[in-house]
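Working notes, structure below.
The values are calculated or read from the model by the stated rules, or taken from the named source; none is laboratory data. This one's a predicted model, so the numbers in the text were calculated from it and none came from an experiment. Neighbour counts run over all protein chains shown; Cβ positions are idealised from the backbone, glycine included.
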């Protein structure tokens, strides 16, 4: 993980989770459903992209060049 805007850690996995505590979570969409807070994606799921280019190409297009 790359630190951004003061973020220093990922808060993805709920600490202290056990098989028993995950099994006790209620279904979220229907009373007898299978999707719970323990087996569904996080609200914080996201996406990313990477652009790899030569220094010359970046400068030609006005893009910042990060140090190697």
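Considering 65, 43, which residue is without any contact (Cβ under 8 Å) to a residue 40 or more places away in the chain and under 30 Å from residue 14 (Cα atoms)?
After ruling out the rest, the residue left standing is 43.
Would you pick out the residues in the stretch 32-44 that are touching a strand residue (DSSP E or B) at 6+ places or on another chain (Cβ under 9 Å) and surrounded by 11 or more Cβ atoms within 10 Å (Cβ to Cβ)?
The answer is 35, 36.
Let's see how each residue does on (1) modelled with pLDDT of 85 or more; (2) loosely packed, with under 10 Cβ neighbours inside 10 Å; (3) in contact with a strand residue (DSSP E or B) (Cβ under 7 Å, 6 or more places away or on another chain); (4) assigned to a helix (DSSP H, G or I):
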site	(1), (2), (3), (4)
6	no, yes, no, no
9	no, yes, no, no
13	no, yes, no, no
22	yes, no, no, yes
46	no, yes, no, no
56	yes, yes, no, yes
